[in-house]
1. For region 1-60, which residues satisfy the criterion of being among the hydroxyl-bearing types (Ser, Thr, Tyr) and surrounded by 12 or more Cβ atoms within 10 Å (Cβ to Cβ)?
2. Ala74 - would you say it is under 10 Å from the mean Cα position of the chain (by Cα) and of a type in the set (Gly, Ala, Ser)?
3. When you look at Val79, is it more than 10 Å from the chain's Cα centre (by Cα) and at pLDDT below 95, yes or no?
Amino acid sequence: MEKKVPMRTCIACRACKPKKELARIVKTENGIVYDATGKVNGRGAYICKDGECINKLRKGKLLNRAFSCQVTDAEYDVVEVQFFEQQK
């Protein structure tokens, strides 16, 4: 019997992909962080691992909607920097 692959939806492009193909962003007590391990505690949102979706993230203020809170520009900056560092 095949193991079920967990699927997640990108909050930017709405594509449904296997969890391992997406990057996770988490709302923690300390703010919004990029989760490279996929194991950080907190409310998570998923995004494709390409620059186009990360640009849509800020343009549409998509983290505000995903986490139902006000996300600052500085937090978007941190997520972008961490995202691009992981893609290298």
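The values are calculated or read from the model by the stated rules, or taken from the named source; none is laboratory data. Bear in mind that the values here come from a model prediction, so they are computed numbers and not experimental data. Every residue, glycine as well, gets a Cβ built from its backbone with ideal geometry; the counts of neighbours run over all protein chains shown.
1. First pass over region 1-60, keeping only residues among the hydroxyl-bearing types (Ser, Thr, Tyr): 9, 28, 34, 37, 46.
Passing the criteria: Thr9, Thr28, Tyr34, Tyr46.
2. Details: under 10 Å from the mean Cα position of the chain (by Cα): no; of a type in the set (Gly, Ala, Ser): yes.
The answer is no for Ala74.
3. Values: more than 10 Å from the chain's Cα centre (by Cα): no; at pLDDT below 95: yes.
When the stated conditions are applied, Val79 does not pass them.
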